[in-house]
Structure formats: structure tokens, C-alpha cells
Amino acid sequence: MALALVTGGTAGIGHAFAVELASRGWDLALVARDSARLERVAEELRTRSGNKVETITADLAVRADMLRVADRLECTESPIEMLINNAGFGIHASLLDKDFSIQEKALDVMCLSVLVLSGAAGRAMSARGHGSIINIGSSSGIITTGNYSAVKAWVNTYTEGLANELRGTGVSVTAVLPGWVHTEFHERAGINASKLPDVVWLQADDIAREALDDNSRGKVISVPSKRWNAAYLIGRHLPRSAIRSLSRKLSNSRKS
């Protein structure tokens, strides 16, 4: 069976990808920081699907851990046929905070590791002439809500650039741009999302299914759901002054 590596595969969107891939017959390599939770999720998936599930305990903010995952992606034994760069977290911090440690960690986990792991996967997959790379960006990347928007704008653009470089190699590259998703993401970040209407919310399993289907069709940008796809298209054409105004209102509504 083909093997997919999922970072942040024990919760939220990453876990939804793992479940969906297992249901489609994929073996898995799950990457996460919490080894106990990682082993628990892996065993649940093995029991449910009967597929092989490899575990890699790693903190992608730690350079040595990140490089260890990159080495696994380039390993020729039991090669990785799909990479899901999902690991990430919300940033509930001001750009003016003197302590920039959380911002630095965000760049390490959601930018640098995406660059390094995608590069490793791209080299290995293009040499074999086939493979898939899916990077979890965000529709937040087209607005201006602090460093999270900046980070995800980088992921979105980087993925398009990677798709250009790998065009014609047999490697399919997709950036997934979800909107608001029902996971533990916002609670963990201390983000107040209680004022958001029901219509903006998506389910993680729907995102995983649609993203995998879009990747198999060769789509570079995957925006799950018709309503968020419409919002994305509108956002791409609004004046930047309007985007900044909308972003200020959204940021104010999320303050605890």
C-alpha cells in the first residue's frame, strides 16, 4: 500500500486527513509532539482500518527534529508517496509584543518546516516520477489578521511556487485554504470565536476529502466548500484598504 506522512496528525485537520487516507487504503506515518497521544491515535487507526501506521515523535520547532522528519521523507526504503504539511497553531499575540518567541515558533513550524519538508519530499518524489504534496494554508492568508495571516500567505504563495518547480515531474502540489474549522485549534490559541455565525464553519473531515480529491485532479489551490470558495474569490478582488478594514473588525470581534 502507498504511504502518506501527515504532520500534526493526531488532532484537527491533520487527524481528519489521517482517517480519510486510511479509509482510502493508505498506510500512514504520523508526526506529532505528544508521544502518548501519537501512539493512541496510531493504534486507533490500525484497529479501525487494518493499515500500517508508523509514528514519529517530533517537534517541528526543533531543528534536529525537523531534519529527522526530512530524512524520513527522502528515505528510499518504504518511500513516502504523499506529504501532508498540516502542523500548526493559532497565534493570539500582538505584533508589538516584546516577547516574540511565539512568533518565532510560528515561523519555524508553519514556514521553515513546510519549506524543508516539502523540499525533501519534492526531491524524492520527482526522482521517482510521482507523488503528492499538500500544504495546509488558509483563507486567512488573503486578509491581514496579524502574523497568522502573514504566515499562511507565505504558505499559500510558497506552494504555488513549488507547484511551478515540480510541474511536469509527476508530483502533484496543492495548497489547501480552509476558513473556520470546528477543531480544538481556536481554544488552544485562546481565540474567541463565539461571535462567528454558523455559516462560516467547516468540518475537518469534509476539508480532508475535498483536498485529497482536488490534489488527485491536479488542482494547485483547494478552497473547501462553495461558500468559502466564493469568499476567497471576492477577497482576491477587493481593494486592500477594504481587506484591512474587514481584518480590523474581525480581530476586534475575536478579543476575549
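The values are calculated or read from the model by the stated rules, or taken from the named source; none is laboratory data. A quick note: this is a predicted structure, and the numbers were derived from the prediction, not measured. All Cβ positions, even for glycine, are placed from backbone atoms using ideal geometry, and neighbour counts span all protein chains on display.
Computed quantities for the displayed model
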{"item": "Residues of the range 1-39 satisfying the condition of being surrounded by fewer than 24 Cβ atoms within 10 Å (Cβ to Cβ), of a type in the set (S, T, N, Q) and within 17 Å of Ala211 (Cβ to Cβ)", "result": "Ser23"}
{"item": "Single match in Thr55, Thr47 (criterion: out of contact with any Ser or Thr (no Cβ under 7 Å at 6 or more places or on another chain), farther than 21 Å from Leu166 by Cβ and buried (at least 18 other Cβ atoms within 10 Å of the Cβ))", "result": "Thr55"}
{"item": "Subset of the range 205-239 (residues that are among the basic types (Lys, Arg), without any contact (Cβ under 8 Å) to a residue 60 or more places away in the chain and more than 24 Å from Arg167 (Cβ to Cβ))", "result": "Lys226, Arg227"}
{"item": "Members of the range 176-191 that are touching a helix residue (DSSP H, G or I) at 6+ places or on another chain (Cβ under 9 Å), assigned to a loop (DSSP other than H, G, I, E, B) and at pLDDT below 80", "result": "Gly179, His182, Thr183, Glu184, Ile191"}
{"item": "Yes/no for Ser194 being on the phi < 0 side of the Ramachandran plot, assigned to a loop (DSSP other than H, G, I, E, B) and modelled with pLDDT under 90", "result": "yes"}
{"item": "Qualifying positions in the range 202-256 - of a type in the set (Asp, Glu) and in contact with a helix residue (DSSP H, G or I) (Cβ under 6 Å, 6 or more places away or on another chain)", "result": "Asp205"}
{"item": "Where a residue in the range 110-122 is closer than 17 Å to Met82 by Cβ and its partner, wherever it lies, is surrounded by 21 or more Cβ atoms within 10 Å (Cβ to Cβ) and modelled with pLDDT under 95, with Cβ under 8 Å and at least six apart", "result": "none"}
{"item": "Given (1) out of contact with any strand residue (DSSP E or B) (no Cβ under 8 Å at 6 or more places or on another chain); (2) closer than 30 Å to Ala127 by Cα; (3) at pLDDT 95 or above, number of the condition Val69 does not satisfy", "result": "(1)"}
{"item": "From Ala93, Ala61, residue being in contact with a Gly (Cβ under 8 Å, 6 or more places away or on another chain) and not acidic (Asp, Glu)", "result": "Ala93"}
{"item": "Residue in the range 155-167 that is at pLDDT below 90, of a type in the set (Phe, Trp, Tyr) and either surrounded by fewer than 16 Cβ atoms within 10 Å (Cβ to Cβ) or closer than 19 Å to Phe89 by Cβ (or both) present", "result": "no"}
{"item": "Test for Arg46: is it over 19 Å from the mean Cα position of the chain (by Cα), touching a residue at least 60 places away in the same chain (Cβ under 8 Å) and more than 17 Å from Gly8 (Cβ to Cβ)", "result": "no"}
{"item": "Pairs, first hydrophobic (A, V, I, L, M, F, W, C) in the range 79-104, second buried (at least 17 other Cβ atoms within 10 Å of the Cβ) and assigned to a loop (DSSP other than H, G, I, E, B), C-beta under 7 Å, six or more apart", "result": "Ala87/Gly8; Ala87/Leu60; Ile102/Ile91; Ile102/Ala93"}
{"item": "Hits in the range 204-256 - residues which are charged (D, E, K, R), surrounded by 16 or more Cβ atoms within 10 Å (Cβ to Cβ) and either more than 22 Å from the chain's Cα centre (by Cα) or in a loop (DSSP other than H, G, I, E, B) (or both)", "result": "Lys219, Arg254"}
